[in-house]
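**Q** Sending over a structure as structure tokens; questions will come in a sec.
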Amino acid sequence: MNTNDPQAAYFRQRRQLLKGMAAASLPFGLASCSPAEDSKLLVVGGLPVTCNLTLPVACAAHSLAGVQTNPQGIGFQYSKYSGWPEIKESLMTGRIQAAYMLAPLVMDLTTKQIPLKVVSLGHRSGAVIMVRTDSDYQNFSQLKGKRIAIPSRFAVDFLFLRKMLAQEGMTHTDIEIVEMPPPDMPAALYANAVDAYCTGEPFGAAAQKAGYARPLRMTRDEWRNYICCVLTVREELIQSQPEVVQDLVNHVMSAGAWLDQGMVNREKAVQIAAGRQFFNQDPNIIRFVMENPEDRVTYGDMRMIKDEFNELMELSIAAGTLTKPVAFESYVDETFVNNAKSVAITV
């Protein structure tokens, strides 16, 4: 096999991605974040995407510290999921008490009386709209009538796509939208099954690094305060073990600040996240996200700003994924971010 062939390079990378995602296909694929097997553990769900990168870093740092920082002595355990529907189901039924979730999905679940609260952000930016390198697409007017893949109509990626269309005086009715699992998007673009796709990383970087795709738009350039993945917990956990929730928020926020301190830390995060106990992905693809450019995804600003959540809510109503306004206070608990204390991230 010609190792310089971009098609061969793509399929090598896709095998790595799908290998990791296959390991995530069961909703209880757990990776211990505590060195003591008999420790009490809080299971925290997440996807193997760089928007969730603060979770493996926080989890690893908490484990390596060798001490528990909440009175109950509870550690954290990472549970890798294959998609948002699986995490949603596990949170709804109480199989897990905490997870990274899509912000609009939390809003929707709140309207259905599911007892959840957002307690922290997980990141900012990190979504891309990809087209083939050999295409002449430079603006969205050229995509009229074309087929564009999104992960879900609840995904904030879809709201990003709608915002970019609106800038060109277009709507979603001017394109053909298809929902598709993000791991399948690079292959679909390569095979010309779609003309573009909009998703979170590393599924844009996988195709870009292989050489056959380029970003048409990135949230880092177009929507700097973009958020999608938020740390969400069940209300009974807040009521019964607020110290554990605070400990988790402290570590997630500290992991975010640590990640944005520079590439030395980001390289450490790449090695952590790529491991089998976390994302189980090719570290070169995660590294590409971290470096091209460095602010492709950012993690240091974890403020939960009401106006930003309200913007997501209004965009979701316009998109039809929410049917009515949802009060910020009904699904957000700012207590833990407001009381957060920095902890050492030593990994």
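The values are calculated or read from the model by the stated rules, or taken from the named source; none is laboratory data. Owing to the predicted nature of the structure, the values given are computational and were not obtained by experimental measurement. Note that each Cβ is placed from the backbone with ideal geometry, even for glycine, and that neighbours are counted across all protein chains shown. Surface areas here come from the heavy atoms of the whole protein model, side chains and all, with no ligands, DNA or RNA. Shrake-Rupley method; radii C 1.70, N 1.55, O 1.52, S 1.80 Å.
**Q** Using a 10 angstrom cutoff on alpha carbons, build the Gaussian network for the chain and name the most mobile of D333, D134, D295.
**A** With Cα springs under 10 Å in the chain, the top fluctuation among D333, D134, D295 is at D134.
**Q** Here's a follow-up. By the scheme Lys and Arg +1, Asp and Glu -1, what is the net charge of all other residues having a beta-carbon under 15 Å from that of P242? Walk me through the numbers on the way to the answer.
**A** Values: positive: K117, R234, K341; negative: E235, E236, E243, D247, D333, E334.
Local net charge: -3.
**Q** Moving on to the next point. On a 0 to 90° scale, report how tilted helix 54-64 is relative to the longest principal axis of the chain, with both axes built from alpha carbons and the result rounded to the nearest 10.
**A** Long axis of 54-64 versus the principal axis of the chain: about 40 degrees.
**Q** Okay, moving on. Which Cα, out of A191, F278, N310, lies furthest along the positive dipole direction of the chain (beta carbon charges, K/R +1, D/E -1)?
**A** A191
**Q** Ordered by residue, what ³J(HN,Hα) values in Hz, to whole numbers, does the stretch 242-257 give under the Karplus form 6.51 cos²θ - 1.76 cosθ + 1.60, where θ = phi - 60° and Gly and Pro are x?
**A** 3J(HN,Hα) across the stretch 242-257, in whole Hz: x, 5, 5, 4, 4, 4, 5, 4, 4, 6, 5, 5, 5, 5, x, 4.
**Q** Could you please state, rounded to a whole Å, how far the C-alpha centre of the stretch 267-286 is from the C-alpha centre of the stretch 101-148?
**A** 23 Å
**Q** Once a ≥ b ≥ c are taken as the square roots of the eigenvalues of the Cα gyration tensor of the stretch 144-198, is the result rounded (a/c under 1.5), prolate (a/b larger than b/c) or oblate (a/b not larger than b/c)? Please report the intermediate quantities before stating the final value.
**A** Values: a/c = 2.37, a/b = 1.41, b/c = 1.68.
Judged from the Cα gyration tensor, the stretch 144-198 comes out oblate (a/c at least 1.5, b/c at or above a/b).
**Q** Ranked highest first by the average count of other Cβ atoms within 10 Å around their residues, in what order do 161-167, 175-181, 213-219, 49-55 fall?
**A** Details: 161-167: 18.1, 175-181: 15.7, 213-219: 21.7, 49-55: 28.4.
The packing order, highest mean first, is 49-55, 213-219, 161-167, 175-181.
**Q** Another one. At a Cα cut-off below 22 Å, give the lysines reachable from K163, other chains included and same-chain residues fewer than 8 away excluded.
**A** In chain and number order, the partners are K144, K146, K306, K324.
**Q** Ignoring ligands, DNA and RNA, what accessible area per residue does the chain give at 1.4 Å, in Å²? Don't skip to the end; give the middle numbers.
**A** Numbers: 13500 Å² over 347 residues.
Accessible surface, normalised per residue, equals 39 Å².
**Q** Against the longest alpha carbon principal axis of the chain, how many degrees, from 0 to 90 and to the nearest 10, is the axis of helix 306-319 turned?
**A** It works out to around 50 degrees.
**Q** Could I ask something else about it? Per 10 Å bin from zero, what fraction in whole % of the C-alpha pairs of the chain is there, up to the bin with the longest pair?
**A** The percentages, shortest bin first, are 6, 27, 35, 23, 8, 1.
**Q** Rounded to the nearest 20 Debye, what is the dipole magnitude of the stretch 283-347 about its Cα centre when Lys and Arg each give +1 and Asp and Glu each give -1 at the C-beta? Working shown, then result.
**A** Details: 6 positive and 11 negative charges, 44 e Å.
About 200 debye.
**Q** Something else now. Short version: ³J(HN,Hα) in whole Hz for each residue of the stretch 293-303, in order, from phi by Karplus 6.51 cos²θ - 1.76 cosθ + 1.60 (θ = phi - 60°), x for Gly and Pro, what are they?
**A** x, 4, 9, 4, 10, 10, 9, x, 9, 9, 4
**Q** What are the residues whose amide H is under 5 Å from the amide H of A127, where those residues sit 5 or more places off or on another chain and H is modelled from the backbone?
**A** HN-HN under 5 Å from A127: T219, R220.
**Q** Continuing with this model, one more query. Through the Karplus equation 6.51 cos²θ - 1.76 cosθ + 1.60, θ set to phi - 60°, convert the phi angles of the stretch 122-134 into ³J(HN,Hα) values in whole Hz; use x for Gly and Pro.
**A** x, 5, 9, 6, x, 10, 9, 10, 9, 10, 5, 4, 8
**Q** Next question. Which residue, P186, P115, P104, tops the fluctuation ranking in a GNM of the chain built on C-alpha contacts under 10 Å?
**A** The residue with the greatest mean-square fluctuation here is P115.
**Q** Here is a further query. Out of every Cα-Cα pair in the stretch 189-347, what percent are more than 25 Å apart?
**A** Working: 5601 of 12561 pairs.
Result: 45 percent of Cα pairs exceed 25 Å.
**Q** Here is a further query. Tell me which residues come under 5 Å, amide H to amide H, from L42 once H is placed; ignore anything under 5 positions away on its chain.
**A** Result for L42 returns G75, F76, Q77.
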